[in-house]
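This report concerns only the one structure given below.
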Amino acid sequence: MTLDIEAHEDSRRVSRKAVQGIAWNFLAYGLSRGGVLLTTAVLARLLSKEDFGLVAVATVAVNYLSIVKDLGLGVALIQRQGEVREAANTVFTVNLLLGAFLSALVFPLAPLFAAYFRDPMVMPILRWLGLSFFINALGAVHIVLLMRDLDYRRKFIPDAGNVLAKSAASIGLAFAGYGAWALVFGQLLGALTSVVLAWLVLPWRPALRLDVSLFKALLRFGASVTGTDVIAVITDNLDYVIVGRVAGLEQLSVYT
């Protein structure tokens, strides 16, 4: 009888957190969309179409490379039953390695993207945006653990910080005359703000440990997720790749 009551209470607690999570997710989505609309409206008066186009093609390149940014390990960690401390340490370590690798990989690949889109400015912008791989890797597991616990109230804090910091930095730098770099540094500052806030709201502190057996177990689940992501990213960004190449960066900014 006691076990039945406890099970019922656990079920009610999970249901309550799920409902609250929907509300916090909706609030985060509204803030994100509102931030994008407001920032775009202001920046449209300060930046050129080419500025937007440059960052758009660099973002497409980052999106393609992000296919393997965590190998689906985050989703696998959410699904994992029981104690996840060691699994979280393993995912954190792998994420850092992947983030560092992808940030470094952007450097030799950037000239190729610049040549494809026929604009040399794509190269430095893409290289700077590539730093986001390593920055995001620092806080990715914290966000995953909050999602695993259905703690979307605390997750809202880094989400909101990202939006507000990115918007404020982009607008401020655009007013200062930084052009396309206002968008680049806005994104990087938003990502860094999100990481700092994620570490503040979740007291978990990772250790750099790689358990190979745990990694293999998580990867078996994550591989299927990565496969689905590959298809989604390719199809979602293919039109931008074609428009940017055929019509040019200014037309791409209008298209996006």
Among the residues of region 176-206 satisfying the criterion of being touching an Asp or Glu at 6+ places or on another chain (Cβ under 9 Å) and part of a loop (DSSP other than H, G, I, E, B), which is surrounded by the fewest Cβ atoms within 10 Å (Cβ to Cβ)? 179
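So that you can scan it fast, the table gives a plain yes or no per residue for (1) modelled with pLDDT under 90; (2) surrounded by 17 or more Cβ atoms within 10 Å (Cβ to Cβ):
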site: 26; (1), (2): yes, no
site: 32; (1), (2): yes, no
site: 35; (1), (2): yes, yes
site: 41; (1), (2): no, no
site: 48; (1), (2): no, no
site: 81; (1), (2): yes, no
Residue under question is residue 96, and the condition is that it be surrounded by 19 or more Cβ atoms within 10 Å (Cβ to Cβ), of a type outside the set (Ser, Thr, Tyr), closer than 18 Å to residue 188 by Cβ and touching a residue at least 24 places away in the same chain (Cβ under 8 Å); does it hold? no
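Residue-by-condition table, conditions (1) in contact (Cβ under 8 Å) with a residue 24 or more places away in the chain; (2) over 16 Å from residue 54 (Cα atoms); (3) of a type in the set (Phe, Trp, Tyr); (4) in contact with a strand residue (DSSP E or B) (Cβ under 6 Å, 6 or more places away or on another chain):
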position: 212; (1), (2), (3), (4): no, yes, no, no
position: 215; (1), (2), (3), (4): yes, yes, yes, no
position: 223; (1), (2), (3), (4): yes, yes, no, no
position: 226; (1), (2), (3), (4): yes, yes, no, no
position: 230; (1), (2), (3), (4): yes, yes, no, no
position: 235; (1), (2), (3), (4): no, yes, no, no
position: 240; (1), (2), (3), (4): yes, no, yes, no
position: 247; (1), (2), (3), (4): no, no, no, no
position: 254; (1), (2), (3), (4): yes, no, no, no
Kindly indicate whether residue 66 is of a type in the set (Ser, Thr, Tyr), within 30 Å of residue 182 (Cα to Cα) and buried (at least 20 other Cβ atoms within 10 Å of the Cβ). no
Looking at 168, 232, which is the one that is modelled with pLDDT of 95 or more and either assigned to a helix (DSSP H, G or I) or closer than 30 Å to residue 42 by Cα (or both)? 168
Could you check how many residues of region 153-191 are under 15 Å from residue 33 (Cα atoms) and among the basic types (Lys, Arg)? 1
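The values are calculated or read from the model by the stated rules, or taken from the named source; none is laboratory data. The structure presented is a predicted model; accordingly, all values stated were derived computationally and were not measured. Note: ideal-geometry Cβ built from the backbone for every residue, glycine included; neighbour counts use all protein chains shown.
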